[in-house]
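Q: Below is one structure. I have some questions about it.
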Amino acid sequence: MGSKQVTIESSKSSNLPSVVANLPIYEGCSGKAVSDLQRRLAIQGLSTHPDQEGTFGPGTRAGIEAFQHRRGLRIDGICGPQTWNTLVEAGFILGDRLLYLRMPMFRGDDVAVLQQRLSALGFDTGRVDGIFGELTERAVKEFQRNAGLPIDAIAGGKTLTELLRLQAPYHQSELISMVKAREELRQAPNTLTGRHLVIGENGGLGPAVAAIRRRLTSIGTRITELHHPDGSVQANRANILKADLFVGLRLEPDSLGCATSFYAGYDYESPGGKRLAELIQEFLPSR
């Protein structure tokens with residue numbers, strides 16, 4: 001994804017359908033899909049030397065691993081759907097395309113820069129996560145209203161020109177989303193009683209979510225369940241609901257052990273998410 005997930009382990013939208021059809025791409029593969037992968041890695045400043053163009057060898061694997069490390073993805077040297085989508089999203093620069101609320105939602109580095117600039121000016125987009133959701137749409141409308149621009153909730157043309165003109169505050173101001181997150185964490189009670197927890201899963205874990213719900217409801221936690229295959233849709237819905245916490249569950253049948261991830265990306269790391277991930281990782285694997 002366009003944002004980073006830092007993972008603590010106990011053990012070990014593509015615009016080119018032809019490439020997606022060839023996923024995963026791994027060492028030993030060759031052809032146009034590998035050439036495109038290498039080109040996108042080069043745009044990110046990652047070398048695939050000494051591999052020849054169109055040949056996936058040790059150099060391309062090293063480039064993939066470096067990108068996965070940079071973006072907080074599982075480091076396996078294989079270009080699967082998540083790595084490919086994140087690589088595509090990383091190639092977008094603000095102004096490359098019109099940004100607005102749609103389904104599936106726009107994702108990418110250009111969305112993150114838009115969120116950063118709006119947030120630095122005091123227009124709250126929620127967490128800077130590189131996903132154009134309802135909170136980002138609301139922030140674009142507020143900016144347009146304050147700037148005397150047509151209010152169409154589309155980030156393009158005159159809206160981006162005016163936003164980019166206000167460059168100094170963007171570099172000098174602390175993001176409003178970071179200020180709010182830090183203050184909310186400081187004031188939050190050290191318990192789940194009375195808190196609103198959103199639990200999401202992308203398939204096959206409905207019984208587990210139901211069990212967690214029964215357990216936490218008994219201590220006074222308000223639970224909302226989200227069952228959707230797209231994790232970004234779940235996260236955006238949790239933001240809209242203004243949940244105190246969001247926990248996403250995912251089953252990976254081919255993986256061993258248990259991994260717990262927390263949000264970190266675009267110069268932001270969630271202190272509350274990190275601590276929760278550490279606590280879960282401390283107790284869950286042994287159970």
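Q: According to the Cα gyration tensor, what semi-axes, each the square root of 5 times an eigenvalue, does the equivalent ellipsoid of the stretch 182-263 have, listed from largest to smallest in whole Å?
A: So the three semi-axes of the stretch 182-263 are 22, 15, 13 Å.
Q: Something else now. Would you tally the net charge around PRO189, using a Cβ to Cβ cut-off of less than 13 Å, leaving PRO189 out, and scoring K and R as +1, D and E as -1?
A: That sum, taken over residues with Cβ under 13 Å, equals 0.
Q: So what does the Cα-only Debye profile of the stretch 73-117 read at q = 0.22, 0.30 Å⁻¹, as log10 I(q)/I(0), no solvent term?
A: The calculated log intensity ratios at q = 0.22, 0.30 Å⁻¹ are -0.79, -1.10.
Q: Ordered by packing density, taken as the mean number of other Cβ atoms within 10 Å over each peptide's residues, highest first, how do 39-49, 185-195, 116-126, 214-224 rank?
A: Sorting 39-49, 185-195, 116-126, 214-224 by mean packing, highest first, produces 116-126, 39-49, 214-224, 185-195.
Q: Based on DSSP, what percent of beta bridges with both residues in the chain are antiparallel, to the nearest 5?
A: Approximately 50 percent, going by the DSSP bridge assignments.
Q: While we're looking at this one, here's another question. For the stretch 112-236, with only Lys/Arg (+1) and Asp/Glu (-1) charged at the beta-carbon, what is the dipole magnitude about the Cα centre, in debye rounded to 20?
A: With only Lys, Arg, Asp and Glu charged at Cβ, the dipole is about 340 debye.
Q: Of the DSSP beta bridges with both residues in the stretch 113-268, give the percent that are antiparallel, rounding to the nearest 5.
A: Bridges in the stretch 113-268 that DSSP calls antiparallel: roughly 10 percent.
Q: Quick one: Karplus J couplings for the stretch 207-212, per residue in order, coefficients 6.51, -1.76, 1.60, θ = phi - 60°, nearest Hz, x for Gly and Pro?
A: So the Karplus estimates, Gly and Pro as x, are x, 5, 5, 4, 5, 5 Hz.
Q: Could you tell me what fraction of 2.2 N^0.38 Å the Cα radius of gyration of the stretch 14-131 comes to, as a two-decimal ratio?
A: Normalised Cα radius of gyration, the stretch 14-131: 1.15.
Q: Here is a follow-up. Per the Cauchy relation, a quarter of the hull surface: what is the mean projected area of the convex hull of the alpha carbons in the chain, in nm²?
A: So the Cα hull casts an average projection of 16.3 nm².
Q: Over the chain, with every protein chain in place, what whole percent of the accessible area is carbon and sulfur at 1.4 Å, could you tell me?
A: 53 percent
Q: Over the stretch 189-287, calculate the relative contact order: mean separation of alpha carbon pairs under 8 Å at least 6 apart, over the residue count, as a percent.
A: Computed value for the stretch 189-287: 29 percent relative contact order.
Q: How much net charge surrounds ASN146 when only the other residues with a Cβ under 14 Å from the Cβ of ASN146 are counted, with Lys and Arg +1 and Asp and Glu -1?
A: With Lys, Arg at +1 and Asp, Glu at -1, the neighbours total +3.
The values are calculated or read from the model by the stated rules, or taken from the named source; none is laboratory data. These numbers come from a predicted model, not from an experiment. FYI the Cβ positions are ideal-geometry reconstructions off the backbone, even for glycines, and counts take in every protein chain you see. Heavy atoms of the whole protein, side chains included, go into the accessibility calculation; ligands, DNA and RNA do not. Shrake-Rupley method; radii C 1.70, N 1.55, O 1.52, S 1.80 Å.
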